[in-house]
1. Please give the peptides 209-215, 254-260 ranked by average Cβ packing (other Cβ atoms within 10 Å per residue), highest first, as a rough proxy for protection.
2. Take every Cα-Cα pair in the stretch 334-413 and report what % of them are more than 21 Å apart.
3. In nanometres, what is the gap between the two model label sites at residue 323 and residue 256, each 7 Å from Cα along Cα-to-Cβ?
4. Given a cut-off of 23 Å, what percent of all Cα-Cα pairs of the stretch 265-424 lie beyond it?
5. Going by C-beta contacts inside 10 Å, put 51, 143 in order with the fewest on the left.
6. Mind pulling the angle between the C-alpha long axis of helix 160-173 and the longest principal axis of the chain? Nearest 10 degrees, somewhere in 0 to 90.
7. Using only Cα atoms, tell me the angle between helix 360-369 and the longest principal axis of the chain; keep it within 0 to 90° and round to the nearest 10.
8. Tell me, what is a quarter of the convex hull surface for the C-alpha atoms of the stretch 160-302, in nm² with one decimal?
Amino acid sequence: MTTRKVQGILRNGTVVDPVNGINRTADLVFDDGRIVERDPSESISATHDIDAAGLLVVPGIIDIHVHASPWLGGRHAHRMLASAGITTALEMAGPIDGMVDFAGKFGAGLNMACINYVRPGHTVRDTDPGEDELRDLLASSLDSGAIGLKLLGGHFPLTPDASAATIKVAAEAGAYVAFHAGTLESGSHIDGMLEACALAAGNPLHLPHINSYTRGQKRDAMAEGELALTTLLQHPNIWSESYLSPINATSAKCSNGAPESLTTRTWLEKGGYAPDEAGLETALRNGWAQLNLETDDAVVLATGDDAVAAWRAADTKLGVSFAVNPSEPRLRLATARDPDRGFVVDALATDGGGIPRNVIIDMGLSLVRLEAISIDDFVIKSSATPARILGLPDKGHLGAGADADITIIDFDRQRPVSSFVGGEPVLLDGKIVGKGTRLITTPRGRKVVSERGIEGPIVPLGTMLPKRRTATA
Ligand SMILES: [Zn+2]
């Protein structure tokens, strides 16, 4: 018998690949960055020869909502994602130049895409940019390596007209667009979500963190959850995700004696604190506000006097979290199904990265343990569907020819063990070994990423946020 030399073989793992109808013990072979076959007939020798007996072998986990920029997420985001078993992520704000800079300096071997924020005073002049200004911003964002735009309605809202125009301009170009709901007329809550769905006007849209619109701000939290689900079913053009962590994340940065973020001010008031700098300080001291504190290798949650001191030392320029996501709508949104659409909320994401809540595997597998979803469902929500949303047909499954992006999971511990991106190890036995970043760009971003040495998958304009296979009313 001949021995064939390849890049990798994962032996005796339970391969779960719902796209190809596989859920059984198998040997998985990859070479030159791609999946070759299962259960080879020849003897194999491999650079990465892994015993995966007793472990799950799934298509690389894709988190379509993370933060990994100098503005939000910070330098530890890539490593925090890698240690959470993520192989591909969408950075949900930018700014694109800073995100690309960090991807080059602090990469951990992941595929990363970025959408650039539409932010008054930063990337647009004011809160009511017109279509021409938005077209210019989209063009410069794509040329800088982003795949589209992000509306930050909950934090830095625009007028409804400008929000709608952003979605329209992105649709015309076939670019990606996501909208944290909220405009100058409606906040980051269920009413803002309904407004966002209307403003999309049938255009493709990623509506992030549905759970954050169901916190009971306008009516009962579960009633808000059901209304969110009904509304999504009426909008087949909208792709959505929700996250399972109890905490939100916003900015602790203050200017002129108050937090700059509307979200921060809102949750201070809900917790019974004044929506100003002094109120935030008291909330940090008492634990209602949890500082996102950077340590040597990760971001952790901190409260009390030490947190206040660290916040002051950073001139207030840090993130902060409040435990504001009630559990009932969180679970309902993550598991709700429709006979035609499948999962009503398409993907499981985290809004994590440098925000310490990268819990797709940990809390996602808790849903499997509860038998609220199956392990196949888990892979659909955390890899197969996200790959479709991003327009990446070679990811999200383990068929021959697919990218060798793989996550190996210890189901009993609900922890990732190892992972590979393009056949190269990112995580090995819980230790991060990946380096650099593969930036996912459109053809327009090619130049910038090759100059920076962070070339990754090219996603053609017009293939992201695709039309659903089944139309629902
Ligand atoms: Zn976010």
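Here, each number is a calculation from the coordinates, and none is a lab measurement. Computed from a prediction, not measured in an experiment: that's the story for all the values here. No Cβ is skipped: glycine too gets one built from the backbone with ideal geometry, and neighbour counts run over all protein chains shown.
1. Numbers: 209-215: 27.7, 254-260: 14.6.
For the peptides 209-215, 254-260, the packing ranking is 209-215, 254-260.
2. It works out to 32 percent of all Cα pairs.
3. 3.4
4. Details: 6731 of 12720 pairs.
That fraction is 53 percent.
5. Working: 51 11, 143 16.
Listed from fewest to most nearby Cβ atoms, that is 51, 143.
6. 30
7. 70
8. Working: hull surface 41.4 nm².
Computing the convex hull of the Cα atoms and averaging its projections yields 10.3 nm².
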